Amino acid sequence: MSEAPGFDYLQPRAGGPIPRTRDGSRTPGWDEPADLEKDPAAVPDPALLDVPPALRAEIEEIMARYPERHSAALPALAAAQRHHGWCSPRAILEAACVMRVTPGYLTSVATFYDMFELEPAGEHTVYVCTNISCSLRGADRLHAQIEAAVGDARDITVRHFECLGACDIAPMVSVDQVYYGPLGKGDGERLVAQLRAGEEPLPELRLALRKTAASELPEAKR
Amino acid sequence: MTEPILFKDIDERNLHEIEVYERRGGYKAMRKALAMTQDALVAELEESGLRGRGGAGFPAGRKASFLPKGDMDKYLVCNADESEPGTFKDRELMQKCPHGLIEGIVIGAHAAGANHAFIYIRGEYEEQARILDAAIGEAYAAGYLGERILGSELSLSLVLHRGAGAYICGEETGLLDSLEGKRGNPRLKPPFPALQGLYQGPTLINNVETLMTMPHIVRMGGKRYAKLGVSGSSGTKVVSVSGHVQRPGNYEIELGIPSREIIYDLAGGPPRGRKIKLWFPGGSSSPVLTAADLDVPYDFDSLAKAGTMLGSGAIIVVDDQTPVLDVALKTAEFYRHESCGKCTPCREGTNWTVRMLERIDAGEATPMDLDIMASVQEHIIGNCLCVLGDAMAMPIGSMIAKFRDEFEAHIRMRQLEAVGAS
């Protein structure tokens, strides 16, 4: 594993994996106690922080939708995550700068919600639902299969997720926020191979193409 | 069953487009509702007997009437956070018929006198959010949203707000905090959202299915709608059936039909050669029932009498090949993960329940653990700001009560294995 003690985490990601520090963590100072003497980070000064214009415009547009600008916190973090690949300290700083709130406030929000990636994420994100209905139909096995197929590579982030609201296609996955299911034997490996080949994964299993279950019923039972 | 109401034309091609929706009679009920006075509309909703479809089953008309009158900013929030395990009805409804929801929101806003509306959709539903966003654009262009809708007194803005993955944001006050851009921690009630909700203003919060039913009530008239279903549970309901059934999916039923009909006739029952061990009638938060309860009518009051609840209308079927411990552990792990951590009984109770269940599989538990676990559940119920902890305590408590023998056998088996291994 490469070491990069001088890595500046506040700079935008230039591409490629984020190197780990000597402790194996990607967050410097993770094992140091908080410095209670220090003042908390203030609202970032827009004159000193370069926010990409596209991100600034997007967050400003989001803020304008609400009677209260704080309501934009979730969509603004989502936008920053899209721009940076994950909710990096830099991404949070930029969102805070545009929203005129402290980075601490946005960090408190980002750490509450499951969809914000607080560690560098891969190019693709695969959520595997492992809640009751899916696990009754083999989701835990599927999750293990997909994790094994991805291996140590960092190009695909695999996460087990709580109920994704698609128990009708259990076991199911959400690949870059698109739902697919039900996954059968070998579909986990196929999914990973297709993602790596740059193809749409499991196109025939896409949820959006399905009709209601009631429409499949024999006429007499409707 | 009688004709489907919410699922009529649901599989029609391009129903998500405004043109197709209007050709199928869409937005007619909105015109009719806008021509009615607010009081007449609320009376119509009350007469229909419609009860909230999100989980609590509170009468929808009465809820709308709680908002104060007067000229202030009032809010309607559509709860589309659907995250109760086993529930996926709103996903299908929104994806296939987004305009049905928008029409329901306009009608709901008129009933509540609201001028700002929000749809809080869970972040994972990206495709549905995209479809809804496009539909909202179409509705604005057609003049069904915005200033003075169709020349009436009602002005309404509608914003789609995407969550970011937190079960607790389906709880109405947690949802409001999340919509205000905070961590989704539930609030102390009272004050109830009807008086002090979003941005401290009067707020009506309704589930997707509740709102989507409103146009049909206006179209049919409250009296005719109330004839559907049974007394105390009028109308139809979309039920999500999942788990060990042959045809998992959403089925629209008339409330009050025997549960057996839903599980066997519609969803096809458990796979061949297997039997039902237990089933959750209303999502993973509802106390479980067994095969002996299959003839309980599927409606609010009958299920309450059977010691459980209709909840969000999500049936999860578990067959006899699955150890009850696995189901309990999955359930408890979910609530542990989703507890916001604000109230101690829930935060600690969910955590210790998981750890005690894990002890069973590790061969370290004794039958006394079951009593302790049951008492933990009792200490959670009613002692928190919201019902997330209760939502774990009720099913876990019911599993311990109904499957105690199996738990004890499991404990003994693992103990013997542990002894044999050492």
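Coordinate-derived values only; no laboratory data. Quick caveat, the model's predicted, so the values are computed rather than measured. Methodologically, a virtual Cβ is constructed for each residue, glycine included, from the backbone with ideal geometry; neighbour enumeration extends over all protein chains shown.
Taking amide H positions as modeled 1.01 Å from N, with prolines and chain starts lacking one, the residues under 5 Å from B:D319 and 5 or more places away or on another chain are B:H244, B:K277.
When a/c reaches 1.5 or more, the comparison of a/b and b/c decides; with that in mind, is the stretch B:175-217 rounded, prolate or oblate per its Cα gyration tensor? Note, shape of the stretch B:175-217 comes out prolate.
When the alpha carbon gyration tensor of the stretch B:53-95 is reduced to an equivalent ellipsoid, its three semi-axes come out at 26, 13, 8 angstrom, largest first. Count Lys and Arg as plus one, Asp and Glu as minus one, and take only other residues whose Cβ is under 12 Å from that of B:I276; the net charge is then +1. A dipole drawn for chain B from +1 and -1 charges on Cβ atoms has a positive end, and of B:L211, B:A109, B:P190 the residue lying farthest that way is B:A109.
Residues whose amide H comes within less than 5 Å of that of B:E252, counting only those at least five positions distant or on another chain, are B:V239 (H built at 1.01 Å from N in the peptide plane).
Which net charge results for the neighbourhood of B:N115, defined as the other residues with beta-carbon distances under 13 angstrom from its beta-carbon, given Lys and Arg at +1 and Asp and Glu at -1?
Combined, the nearby Lys, Arg, Asp and Glu give -2.
Couplings 3J(HN,Hα) of the stretch B:145-162, computed from phi: 9, x, 6, 6, 4, 6, x, 7, 6, 7, 10, 8, 9, 9, 10, 8, 10, 9 Hz, in residue order, whole Hz [Karplus 6.51 cos²θ - 1.76 cosθ + 1.60, θ = phi - 60°; x for Gly and Pro]. Projected over every direction and averaged, the convex hull enclosing the alpha-carbon atoms of the stretch B:230-319 yields 4.8 nm². Of the DSSP beta bridges with both residues in the protein assembly as shown, give the percent that are antiparallel, rounding to the nearest 5. Given both bridge residues lie in the protein assembly as shown, the antiparallel proportion sits at roughly 45 percent.
Taking Rh as the Kirkwood radius computed over C-alpha pairs, what is the Stokes-Einstein D of chain B at 37 °C in a medium of viscosity 0.692 mPa s, expressed in µm² per second? D = 147 µm²/s.
In a simple Cβ point-charge model (Lys, Arg +1; Asp, Glu -1; nothing else charged), chain B has a dipole of about 500 debye relative to its Cα centre. Karplus-based coupling profile of the stretch B:195-209, in residue order and whole Hz: 9, 9, x, 4, 6, 6, x, x, 9, 9, 10, 9, 6, 3, 5, with θ = phi - 60° in 6.51 cos²θ - 1.76 cosθ + 1.60 and x standing for Gly or Pro. Counting only DSSP beta bridges whose two residues both lie in the stretch B:230-319, roughly 80 percent are antiparallel.
Here each label is just a point 7 Å from Cα along the line to Cβ, and for A:E123 and B:A401 those points are 5.5 nm apart.
Projecting the Cα atoms of B:S48, B:Y199, B:L156 onto the charge dipole of the stretch B:18-227 (Cβ charges, centred on the Cα centre) puts B:S48 farthest toward the positive pole. For chain B, the mean residue ellipticity at 222 nm estimated from helices alone is -13000 deg cm²/dmol, where every DSSP H run of n ≥ 4 contributes -39500 (n - 2.57) and the total is divided by all residues, rounded to the nearest 500. Tally the DSSP beta bridges in chain B and give the antiparallel ones as a percent, rounded to 5. Approximately 45 percent, going by the DSSP bridge assignments. Rounded to a whole number of µm²/s, how large is the Stokes-Einstein D of the protein assembly as shown at 25 °C and 0.890 mPa s, given Rh as the Kirkwood radius over C-alpha pairs? Estimated diffusion coefficient is 95 µm²/s. Using all Cα-Cα distances in the stretch A:95-211, what percent lands in each 10 angstrom bin from 0 up to the longest? Histogramming the stretch A:95-211 at 10 Å steps yields 13, 42, 28, 13, 4 percent. Counting every pair of alpha carbons in the stretch B:320-379, the share spaced more than 19 Å apart comes to 28 percent. Under 5 Å from the amide H of A:F161 lie the amide H atoms of A:V128, A:C129, A:T130, each residue being 5 or more positions distant or on a separate chain, with H modelled from the backbone and absent for Pro and chain starts. Principal axis extents of the Cα atoms in the stretch B:324-421, from largest to smallest and rounded to whole angstrom, are 46, 23, 19. Given the pairs B:K275/B:K330; B:K96/B:K330; B:K89/B:K402; B:K96/B:K237; A:K211/B:K227; B:K8/B:K227, which are separated by over 23 angstrom at their Cα positions? With Cα atoms farther than 23 Å apart: B:K96/B:K330; B:K89/B:K402; A:K211/B:K227. Computed on the Cα atoms alone, the convex hull of the stretch B:272-391 gives a volume of 124 cubic angstrom per residue. Note on chain B: GNM, Cα springs under 10 Å; of B:G229, B:G55, B:G137, the largest mean-square fluctuation is that of B:G137. Based on the Stokes-Einstein relation at 37 °C and a viscosity of 0.692 mPa s, and on the Kirkwood radius from alpha carbon pairs, the stretch A:53-110 is assigned a translational diffusion coefficient of 304 µm²/s. Between the alpha-carbon centres of the stretch B:81-145 and the stretch A:47-115 there is a gap of 25 Å. Derived scalar couplings between HN and Hα for the stretch A:140-155 equal 5, 5, 4, 4, 5, 4, 5, 4, 5, 5, 6, x, 7, 5, 9, 6 Hz in order, rounded to whole Hz, by the Karplus curve 6.51 cos²θ - 1.76 cosθ + 1.60 (θ = phi - 60°), x for Gly and Pro. Net charge of the neighbourhood of B:I372, taken over other residues with C-beta under 12 Å away and scored Lys/Arg +1, Asp/Glu -1, is -1. For the protein assembly as shown, the dipole from Cβ point charges (+1 on Lys and Arg, -1 on Asp and Glu) about the Cα centre works out to 1400 debye, to the nearest 20.
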